[in-house]
Amino acid sequence: MCRRCRYARSAMTSESSTTRPVDALLSTRVLLMTGKGGVGRTTVSSAIARAAASEGRRTLLLDVDDGEAGHSPLARIFGRERFAGTPESIGPRLDACSLEAQRGHELFLRSVLPSDALVKAAVRSKALSRFMTAAPSFREMGVFNHLLHLLREKDWSGEPRYETVIIDMPATGHTLALTGLPEILLTLIPRGPVARLLREGQAFLNDPAVSNAWIVTLPETLPITESLELIEGLESTQMPVGGLIVNRLPDNPFDEHEQSALQSCLGRARLYGTIAFERLQESRSALERLESVVRHPLVLLRDVVEEGASPTDQLADELGLARGGA
C-alpha cells in the first residue's frame, strides 16, 4: 500500500493551494518528522528526503539510535540494517546517518577536554558511560549534541554541508524530550559549555525560518486526537510546527448526495463494502475536524495501489506535483 500526495492546503485559506507539497515541506532547512507509531512516519521521511535530493538539494536523512533495536526501519528502506554514526551516501545528493547519544557525548568531551588522551579515557570509563546512559536527560543531551554537530558542518566554500536535514524521530515522548531539553537544562545550568551548546541548538531548532516539526498522522479519530495534543506539546517547548501530513487518505469516489444515500441503505442492512465505506466516513470527519481547528498547513497523502515502484519512490515522485497533477 503506497501513499500519494494529493495537495498542500494553505494555513490561511479553506481552499487548497496549487503550491507543490515539496515546496511547503522544504520551506525550512531542518524538518523534524514526528507522530505516533504506525502512521507511516518513516516512509514519509524517506520519501521527502528523496524528493529533496531530486530537487538538487544536498540532503541529510537522520534517524535516532535507541541503543536497543537490532535494525533501523529507516535504514532497511535503503537496503541496510543500520546507518553509521557518520554520514554515508545512500543516493545522489543524499546522505544518511544515525544520531547516537554516545557519539554526541564524545563530541562534547572533545570540545571541553584539552587532549585526545583524556577524551579516550573518559569514553572508555564504564562508570561514566553508565552514568551518561542512565542519568535523566543525558541520553537526549548526547543526541542533541550529535545533531548540532551535523548542523554545524560546512562545505569547502563555508556554506552548510547540507541544505536540507530530515530527522525521522522516534515515538512522540522522545520527540518532546528532545525539543524540551534546552529549556529544562538551561534552568539548571545557565552558564558554561553546556549552556552555550544548548543555546546554539535553540538557535537552530526554535527559529521558524530554520526548523519546523511536521506531524504525520492518519485520518482516524485517535491519531488525530494525539496529533492535536502533540501540536500543543511542541509549541510548549518552543518548537515551530510546520504542519500536519495526513497519510493514507482513502480516495472518496462519492459526492455528498451519494454518500447520504449510501449511508441510508447501509443503515438498513450490512452489505459488502460496508467497512470500506465507514472508513471513508471516518476519514472525512477526521479531515473536517482538522480543517476546523488546525491553523497549520495540511499535506494530504492519498492511499492508492500502484505497481512497479516502492511506496517511497512513488511518494517521492508525487511530492513534486501540484494538486492537478496527482
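The values are calculated or read from the model by the stated rules, or taken from the named source; none is laboratory data. What you see is a predicted model; the values in this text were computed from it and never measured. Cβ placement follows ideal geometry from the backbone for every residue including glycine, while neighbour counts extend to all protein chains displayed.
Key figures for this structure:
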{"read-out": "Count of the range 66-111 residues which are in a helix (DSSP H, G or I) and among the charged types (D, E, K, R)", "value": "4"}
{"read-out": "Criterion violated by S45 - all others in (1) in a loop (DSSP other than H, G, I, E, B); (2) in contact (Cβ under 8 Å) with a residue 60 or more places away in the chain; (3) under 21 Å from Y162 (Cα atoms) satisfied", "value": "(1)"}
{"read-out": "Matching residues in the range 26-84 - criterion: being among the hydroxyl-bearing types (S, T, Y) and under 22 Å from E220 (Cβ atoms)", "value": "T34, T42, T43, S45"}
{"read-out": "Residue, modelled with the lowest pLDDT, within the range 223-282, restricted to residues that are on the phi > 0 side of the Ramachandran plot and of a type in the set (G, A, S)", "value": "G273"}
{"read-out": "First in the range 79-102 and more than 12 Å from A49 (Cβ to Cβ), second anywhere and β-branched (V, I, T), Cβ under 6 Å, 6 or more apart", "value": "L99/V64; L99/V143; A101/V143"}
{"read-out": "Residue check for T172: hydroxyl-bearing (S, T, Y) and either touching a strand residue (DSSP E or B) at 6+ places or on another chain (Cβ under 7 Å) or within 29 Å of E288 (Cα to Cα) (or both)", "value": "yes"}
{"read-out": "Residue, farthest from Q238 (Cα to Cα), within the range 161-211, restricted to residues that are of a type in the set (S, T, N, Q) and buried (at least 22 other Cβ atoms within 10 Å of the Cβ)", "value": "T164"}
{"read-out": "Sole residue being farther than 22 Å from P170 by Cα, modelled with pLDDT under 85 and either outside any helix (DSSP H, G or I) or among the small types (G, A, S) (or both), chosen from A11, A24", "value": "A11"}
{"read-out": "The range 89-145: number of residues that are surrounded by 18 or more Cβ atoms within 10 Å (Cβ to Cβ) and at pLDDT below 60", "value": "2"}
{"read-out": "Tabulated pairs, the range 146-163, first under 19 Å from G56 (Cβ atoms), second exposed (fewer than 11 other Cβ atoms within 10 Å of the Cβ) and of a type outside the set (D, E), C-beta under 7 angstrom, 6+ apart or interchain", "value": "P160/K154; R161/K154"}
